[in-house]
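Input: a single structure, listed below in structure tokens.
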Amino acid sequence: MSESNTAAPDLGISRRVFVTAVAGLALGAMLPFPMALAAGDNGSAQKIADHFSSVKTMMGEFVQFGPRGEQTGGKFFIERPGKLRFNYDDPSPMRVIADGRNVVIGNTKLKTWDVYPLSKTPLSMLLSDKIDLGQQKVRSVKEEADLTTIVMGDKSFFGDQTITLMFDPKTYDLRQWTITDAQAKDTSVMIFNVQTGVQFDEKVFTVPYDDVRNKGRGG
């Protein structure tokens with residue numbers, strides 16, 4: 001797998017913005033599943049949902065663009081239910097791990113950790129075996145010849161954020177997604193070199209709880 005030639009992240013980003021970006025990364029990686037919502041829609045959105053509904057594992061690379069123009073990249077790993085990992089490219093010390101119970105954001109340089117219950121994050125919707133999103137969470141679906149765009153929002157996670165997803169209607173590939181927070185700030189993510197049906201060692205999703213307890217700042 002090729003390395004991403006992306007700039008180092010801005011470590012001055014607020015924790016809320018970073019968490020928003022992390023949620024956006026996982027949402028974009030897994031978001032074909034919630035589109036099964038459009039049960040009455042025979043268009044490309046339903047076909048995308050059908051095509052991806054059997055995906056249990058995936059991995060790939062990403063480039064992330066923050067609300068202030070900062071750019072970073074790395075690799076992601078996802079295993080349903082409830083597990084994911086994001087490794088940001090050097091020199092970023094950031095790591096994100098979800099083990100089915102918590103989402104842990106760690107700074108390996110500063111030895112600091114923030115812990116969030118998975119059930120309180122948007123990741124809980126995406127990493128469950130059965131994803132049941134109410135129709136009210138789909139705010140718009142736009143189907144064009146070369147792009148299918150779906151906008152979703154949920155007030156229960158980090159405020160009233162919206163997620164705009166852009167798919168290729170011919171290949172069903174996810175091209176890009178953008179999360180817009182309550183302050184109308186955007187975080188966009190592009191993924192590439194995606195592989196599905198991969199096998200992971202369980203250590204990939206192991207949270208270092210001893211380090212979290214010793215150095216952590218989360219709950």
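The values are calculated or read from the model by the stated rules, or taken from the named source; none is laboratory data. Only a predicted model underlies this, so the values are computations on that prediction, with no experimental measurement involved. Positions of Cβ are generated from backbone atoms using ideal geometry, with glycine treated the same way; all protein chains shown enter the neighbour counts.
With respect to being crowded, with 17+ Cβ neighbours inside 10 Å and farther than 28 Å from Val141 by Cβ, Thr121 falls outside the description. Does Thr206 meet the test of being surrounded by 18 or more Cβ atoms within 10 Å (Cβ to Cβ), of a type outside the set (Gly, Ala, Ser), under 21 Å from Val104 (Cβ atoms) and modelled with pLDDT of 80 or more? So Thr206 does not fit the description; no.
Residues in the range 104-126 that are at pLDDT below 90 and assigned to a strand (DSSP E or B): Tyr116, Pro117. Somewhere in the range 188-201, is a residue surrounded by fewer than 17 Cβ atoms within 10 Å (Cβ to Cβ), in contact with a helix residue (DSSP H, G or I) (Cβ under 8 Å, 6 or more places away or on another chain) and modelled with pLDDT under 85? No, the conditions are met nowhere in the range 188-201. Are any residues in the range 92-103 within 17 Å of Thr72 (Cβ to Cβ) and part of a loop (DSSP other than H, G, I, E, B), and if so, which ones? Residues satisfying the conditions are Ser92, Pro93.
Kindly establish whether Thr162 is surrounded by 12 or more Cβ atoms within 10 Å (Cβ to Cβ), assigned to a strand (DSSP E or B) and free of Cβ contacts under 8 Å to residues at least 60 places away in the same chain. Yes: the conditions hold for Thr162.
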